[in-house]
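These notes are about the structure you will find just below.
The values are calculated or read from the model by the stated rules, or taken from the named source; none is laboratory data. Note that the structure is a prediction, hence the values are computed from the model and not measured. Cβ sites come from the backbone with ideal geometry, for glycine too, and all protein chains shown count toward neighbours.
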Amino acid sequence: MIDKVVFGVLDPEIIRKMSVAKINKTDLYDQEGYPIEGGLMDPRLGIIDPGLRCRTCGGSTGDCKGHFGHLDLTRPVINVNYAKLIYNILKLICRSCDRILLDEAGLEKFNKGRKSLKVLRNLIKTKCPYCGERQKKIKFIKPTTFTEGSAILSAAEVRERLEKIKTEDLTTLGFKEVRPENFVISLLPVPPVTMRPSITLETGERSEDDLTHKLVDIVRINKRLKENIDLGAPEFIIQDLWELLQYHVATYINNEISGVPPARHRSGRILKTLTQRLKGKDGRFRHNLLGKRVNYSARTVISPDTMLDIDEVGVPLSIAQEITIPVVLNDKNIGHIKKLILNYPSWPTVNYILRSDGAKKKITEMNKEEIAEKLEVGYIAERQLQDGDWTIFNRQPTLHRMGMMGHRVRVLPYKTFRLNTLNCPPYNADFDGDEMNLHAPQTIEAQVETKLLANATLQIRSPRFSGPIIGATKDHIAGLFLLTGNKIKISREDVVDIVRFCNFEIEIPEKKTFNGKELFSLFLPKDLSLEYKDKSDTVVIKNGNLVAGSIGSKGMGAFKGKLLDELDKQYGHSFAKRFMFDITRISLEVLTRYGFSISIADLDLSPEIDKKVREVIKKTERNVDKMIEDFNKGKIKAIIGRTTRDSLELSIKNMLADILNEVTSIVKKDIPETSIVLMAKSGARGSIINIVQAARLIGQETVKGERIYIGYHNRTFSHFKKGDISLESKGFVTNGYKQGLSPFEFFFDAMNSREGLMDKSLKTRHSGYLERRLIGALKDLKVEYDGTVRDSSKKIIQFIPGEDGLDPSKIQKGGINVAKIAERI
Amino acid sequence: MSQKSQKEYETILPEEMIREIDRVSKLKKFDEKKREKLTKEVQKVYLNSAFEPGEAVGIIAAQSISEPATQMTMRTYHFAGSAGMQITLGLPRLIEVFDARKEPTTPTMTIYLKKEFNDQKNSEKIAKKIKEKRLKGFVESVSLDLTNKVVKIKLKPEYEKKFEKITEILKLKFKKYKMMRRHSVIDVSVEDDIEIKELQRIKKKVLESIISGIPKITNTVVFNEGKDWVIRTLGSNFEKLVKIEEIDFYRSYTNNIHEVAETLGIEAARSVLLSELNSILEQQGLEVDKRHLTLIVDIMTFEGAIEAVGRYGVAGSKASILTRAGFEETVKHLVRASVRNEADNFNGLFENIMVNQQIPVGTGMFDLIVRMEDE
């Protein structure tokens, strides 16, 4: 268990101590292709080639994590990541005696106040209070150069100054256990080869890691610098080389410094160096440390299967044979496992046996008898997935916790995952090619938690809005609406047939014919009474009998189902699950028996309606024309703070918003009860507005909330007059999709649709980042044992979670209904 | 302590629910015994519906906001029909609120009036009064006299009655400049010799100066809302408006959270934040439980100042170094930690995920110790 990680800056001494090799050679391999000792691929730094043993620790690939080496820099260089900090320190320090430029009184004052370097900077004197030295102005030229007055401060000088700062002054500056001279690198740790493995291409060529390339540059320049100094080369050459060394070390640490050309590979590709390895979405942190790849998981296309329960998932046999669950052998299960092993190669069997000594054996046709014979208590058998195993099923994007739920395995033929269509809303899944993932928990704790906490049955109520999120959709609702309407009469034989299709416990009364409501009522608990308003009528349930109204999306649907909500609260998740399962199967059975289809003729409107609609459109056109005329005559009254043109535009827009509503109400009143209307009315799919737009009138098309204005100069098409603001030229579509659109109308409609598409793709980006930020801010808030909400440093955020302590996934909307409880007393 | 409050003290129910029990008991004419039974029953239900220790309420709240955010529109909508003010709504507004920007893209106020002024005539008068009016609105033409370095501003003749007053205001505002009025023309000049560039600057400065009304209130609309006459404004200046006598300070509202925090304090800002979030979601027809919103609002304000949700706010001020490094600006946080010799104590989620340890939330919050029986 790691319970603490301390960050610091490495001291040269420590680097030397942990180093196993001094690196000073520029070549990596000799003629035979073996790594050179003292080169950057020194065998003492760890191994990457399988089969070899590490020269330092003797471990093989995997066991040996690698060892650091070191490189003596001939001249020190600034660490770019600390350059700004070094500057901030230098400014506060006397250039001759290295004390903080503040007398004792000032220091005392500073120590009492807020301790930040910024505050200190405003307090310091220009003359040292200790030695009287007058300070020169220090400047910082990005990325690594410092000047004092007109002279350049070399890295060596900087290091010298930092070295001389007294420890007590460092405490004042806010440093603890860290020496600032270490911000200037004099001894470079060389990372182990395991951190920068080379790969061998098919041609036999070796391709080195970016870090190795960069390190080679550093070693080479370092060597050249040393040689030149030893030879007594002129100062300017040494300066140039020193600067080059500084450049290489800087880009080795960070290759994205502004103002510095990035180091490139021979091919021209920009190298990925240390900072780049850690940073960003594909960096070590977000890519590898916070996102982990797992074993014992599967992914494939999903398809619907209403015969499966809500908390089941259909798993293809080929996946069930691949994914395993470990079973520790004991004297109770050893016989069973033996049987499974002998069952090889047919499912279910065991894939591997882990012996107590750690050896792993794969079961084959050849060795199955032998292994079955030698089984011992304490061995671990990796057995194949079986019916009833608890797994976690997931669809991306996993926007809420219901995107990962616990399901029981049902091994089925064919190659797709199967799930009940009731589970579509929480996963937001459909079957147009969606894929989903399955995870098999390996430990018993995980399996139990999957069953007791993640279980799909327990997720019926969403914590977001305290309502059911698993529930009927689409066909389920159309079928239920049809069934519980007043049209269907069913004979007893059919009722028995339909009911026994899913439920054997329900008693079916002796009666010759049933109507749909009676059939539905068979499944309701006998003491349930409920009344709610649906779109068109009021639904009344009295003592377990559906008395009036048809069940639509407001009754059984996901998100809105009132009946579902009530059943789940009063009778528990398990009952709600069973009820949903039964009732949706009945609903689908009704659809198959009685038929349900839509046709283009469903959208036929009677001539009377058409006439009325035509009149409404004409009337609006006349009104708008009149308004434009008024405007041209200057008779229009401006709204305060607006120009007259804007006011005209506004009143036209308001008028157009009304026309669609007017037409909708005309159509709604007189349209025959066709299938498509039934779908809209029940809430299965589509709305009345959709029907109106398809059948008769699309209405005004808009781009960015305005009537269409993009196109030519002052007009939308060259076919209109300039400045034309009539309905036709500004994107008002007088036809429905069924009648067909004029070319202009078609183009305007396409503009509107395109805007919708762009909007959608932009939106996902923005909301995705919003989610990441929200999670970043809120992730470690949890309810503590004392009932408060605290963050990870135990600061109290809320004294009572959600202000009343109620978990929204355990209550109905609005909280606890005291009056209802009082009725029971 | 009286007997009644003693009993209340004993129950774990929140105050509101106890009030509800009282109300129901009174309505149903329950006696003491029945009331107690009811309390017990409610308590049972409450305990069954309460959060359990270890519940990751933060994650749930974050998901509950961002899941419906994917269904929001990107567009800005018009407000209040005929008035036609454009107000930012939907996802852009939601992001803006979480960013805790100093000023919303469309700041707006809803102003209610005190009883004695709550009528059409007064409300329109006030609406007119508070709207900011800049000098350029009164000006017919402006010319520069380059030889004498004078800005000549000619006012519109229809404001003749106000010429004197406008000049007075300008004189008060710009004490450095010399103002001379000859009928409808105001000459603005400076004593020192200046460049023409500077003259241009003066012209702009004077023209943009506010003559009357309240700064930042660029537009006002009056409409009727049941019993009340309400003024909606574009632009917000809560501090100044609240001081106007006719305004009902208790009901008036602004969507600029920082203004509220400055004038009324952090608790008021918290409730404005909450109602802003609520109205954004409501307007989009999305349902999110209030409890989640309170948590987000609380974490944005619990430090005493409004903190944004993001790298410069709540997420950037987390205690754990590794968490911050994993969120954004990885290297910056690592460097800073190394300098201060900081330690990461592995109390949060991300740190533990990074090193493959169980997270201290939910069933990972506790350890199990088995007491072995004596052999």
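Residue A:632: touching a residue at least 12 places away in the same chain (Cβ under 8 Å) and out of contact with any strand residue (DSSP E or B) (no Cβ under 9 Å at 6 or more places or on another chain), yes or no?
No; evaluated as a whole, the condition is false for this residue.
Residues that are closer than 30 Å to residue A:498 by Cβ, among the hydroxyl-bearing types (Ser, Thr, Tyr) and assigned to a strand (DSSP E or B) within the range A:277-324 comprise just one, A:303.
With respect to the conditions (1) within 28 Å of residue B:71 (Cβ to Cβ); (2) surrounded by fewer than 23 Cβ atoms within 10 Å (Cβ to Cβ); (3) at pLDDT below 90, residue B:314 falls short on a single one, namely (2). Within the range A:430-468, the set of residues being more than 26 Å from residue A:326 (Cα to Cα) and buried (at least 20 other Cβ atoms within 10 Å of the Cβ) comprises A:459, A:460, A:461, A:462, A:463, A:464, A:465, A:466, A:467, A:468. The requirement of being touching a Pro at 6+ places or on another chain (Cβ under 9 Å), within 14 Å of chain B (Cβ to nearest Cβ), among the aliphatic types (A, V, I, L, M) and surrounded by 16 or more Cβ atoms within 10 Å (Cβ to Cβ) is satisfied by residue A:9.
Here's the yes/no breakdown for (1) part of a loop (DSSP other than H, G, I, E, B); (2) under 21 Å from residue A:41 (Cα atoms); (3) aliphatic (A, V, I, L, M); (4) away from chain B (no Cβ under 14 Å):
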| site | (1), (2), (3), (4) |
| --- | --- |
| A:204 | yes, yes, no, yes |
| A:242 | no, no, no, yes |
| A:259 | yes, no, no, yes |
| A:266 | yes, yes, no, yes |
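Here's the yes/no breakdown for (1) closer than 29 Å to residue B:96 by Cα; (2) more than 8 Å from chain A (Cβ to nearest Cβ):
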residue	(1), (2)
B:274	yes, yes
B:296	yes, no
B:317	yes, yes
B:324	yes, yes
B:354	no, no
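Is at least one residue of the range A:784-803 within 8 Å of chain B (Cβ to nearest Cβ), hydrophobic (A, V, I, L, M, F, W, C) and touching a helix residue (DSSP H, G or I) at 6+ places or on another chain (Cβ under 8 Å)? The answer is yes, given that some residue of the range A:784-803 is within 8 Å of chain B (Cβ to nearest Cβ), hydrophobic (A, V, I, L, M, F, W, C) and touching a helix residue (DSSP H, G or I) at 6+ places or on another chain (Cβ under 8 Å). Selection within the range A:641-696: residues that are basic (Lys, Arg) and within 14 Å of another protein chain (Cβ to nearest Cβ). The member of this set that is nearest to residue B:217 (Cα to Cα) is A:642. On the basis of being assigned to a helix (DSSP H, G or I) and modelled with pLDDT under 90, does residue A:51 make the cut? The answer is no for residue A:51. Against the list (1) in contact (Cβ under 8 Å) with a residue 24 or more places away in the chain; (2) at positive phi, the condition residue B:356 fails is (1).
Among the conditions (1) more than 43 Å from the chain's Cα centre (by Cα); (2) farther than 30 Å from residue B:50 by Cα, the only one that residue A:526 does not satisfy is (2). Within 14 Å of another protein chain (Cβ to nearest Cβ), over 27 Å from the mean Cα position of the chain (by Cα) and hydrophobic (A, V, I, L, M, F, W, C): does that describe residue A:821? Yes; evaluated as a whole, the condition is true for this residue. Summed over the range B:122-139, the residues that are touching a strand residue (DSSP E or B) at 6+ places or on another chain (Cβ under 9 Å) and either closer than 30 Å to residue B:70 by Cα or assigned to a helix (DSSP H, G or I) (or both) give a count of 12.
Within the range A:58-81, the set of residues being surrounded by 16 or more Cβ atoms within 10 Å (Cβ to Cβ) and assigned to a loop (DSSP other than H, G, I, E, B) comprises A:66, A:67, A:68, A:79. Selection within the range A:128-178: residues that are part of a loop (DSSP other than H, G, I, E, B) and among the acidic types (Asp, Glu). The member of this set that is surrounded by the fewest Cβ atoms within 10 Å (Cβ to Cβ) is A:177.
Scanning the range B:204-222 for residues that are under 28 Å from the mean Cα position of the chain (by Cα) and either within 15 Å of residue B:125 (Cβ to Cβ) or not in a strand (DSSP E or B) (or both) returns B:208, B:209, B:212, B:213, B:214, B:215, B:216, B:217, B:218, B:220, B:221, B:222. Residue check: residue A:533 meets all listed conditions (1) under 17 Å from residue A:562 (Cβ atoms); (2) surrounded by 13 or more Cβ atoms within 10 Å (Cβ to Cβ) but one, namely (2).
Every residue, every condition in (1) more than 7 Å from chain A (Cβ to nearest Cβ); (2) aliphatic (A, V, I, L, M); (3) more than 26 Å from residue B:220 (Cβ to Cβ), yes or no:
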| residue | (1), (2), (3) |
| --- | --- |
| B:27 | yes, yes, yes |
| B:59 | no, yes, yes |
| B:101 | yes, no, no |
| B:105 | yes, no, no |
| B:109 | yes, yes, no |
| B:117 | yes, no, no |
| B:122 | yes, no, no |
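Say we look at the range A:278-306 and pick out the residues that are touching a residue at least 24 places away in the same chain (Cβ under 8 Å) and of a type outside the set (Ser, Thr, Tyr); which of these is surrounded by the most Cβ atoms within 10 Å (Cβ to Cβ)? Out of the qualifying residues, it is A:302.
One residue is enough: does the range B:36-54 have a residue meeting the conditions more than 7 Å from chain A (Cβ to nearest Cβ), surrounded by 21 or more Cβ atoms within 10 Å (Cβ to Cβ) and modelled with pLDDT under 90? Yes, some residue in the range B:36-54 is more than 7 Å from chain A (Cβ to nearest Cβ), surrounded by 21 or more Cβ atoms within 10 Å (Cβ to Cβ) and modelled with pLDDT under 90.
Within the range A:743-758, none of the residues are modelled with pLDDT of 90 or more, within 30 Å of residue B:39 (Cα to Cα) and more than 7 Å from chain B (Cβ to nearest Cβ).
Scanning the range A:323-347 for residues that are β-branched (Val, Ile, Thr) and either closer than 28 Å to residue A:438 by Cβ or free of Cβ contacts under 8 Å to residues at least 40 places away in the same chain (or both) returns A:323, A:324, A:325, A:327, A:328, A:337, A:341. Regarding the range A:775-783, can at least one residue be identified that is surrounded by 17 or more Cβ atoms within 10 Å (Cβ to Cβ), more than 10 Å from chain B (Cβ to nearest Cβ), touching an Asp or Glu at 6+ places or on another chain (Cβ under 6 Å) and not charged (D, E, K, R)? No: zero hits. Would you check if there is a residue in the range A:290-313 being small (Gly, Ala, Ser), within 30 Å of residue A:383 (Cβ to Cβ) and in contact with a Lys or Arg (Cβ under 8 Å, 6 or more places away or on another chain)? Within the range A:290-313, one or more residues are small (Gly, Ala, Ser), within 30 Å of residue A:383 (Cβ to Cβ) and in contact with a Lys or Arg (Cβ under 8 Å, 6 or more places away or on another chain). Selection of first residues in the range A:656-680 that are touching a residue at least 60 places away in the same chain (Cβ under 8 Å) and of second residues that are assigned to a helix (DSSP H, G or I), restricted to Cβ pairs under 6 Å at least 6 apart or on distinct chains, gives the following pairs, ordered by first then second residue: A:667/A:692; A:670/A:609; A:671/A:677; A:674/A:602; A:675/A:602; A:676/A:602; A:679/A:478. One residue is enough: does the range B:300-311 have a residue meeting the conditions within 7 Å of chain A (Cβ to nearest Cβ) and polar (S, T, N, Q)? Among the residues of the range B:300-311, not one is within 7 Å of chain A (Cβ to nearest Cβ) and polar (S, T, N, Q), which makes the answer no. One residue stands out among those in the range B:164-184 that are over 14 Å from residue B:207 (Cβ atoms) and over 39 Å from the mean Cα position of the chain (by Cα): the one that is surrounded by the fewest Cβ atoms within 10 Å (Cβ to Cβ), which is B:182.
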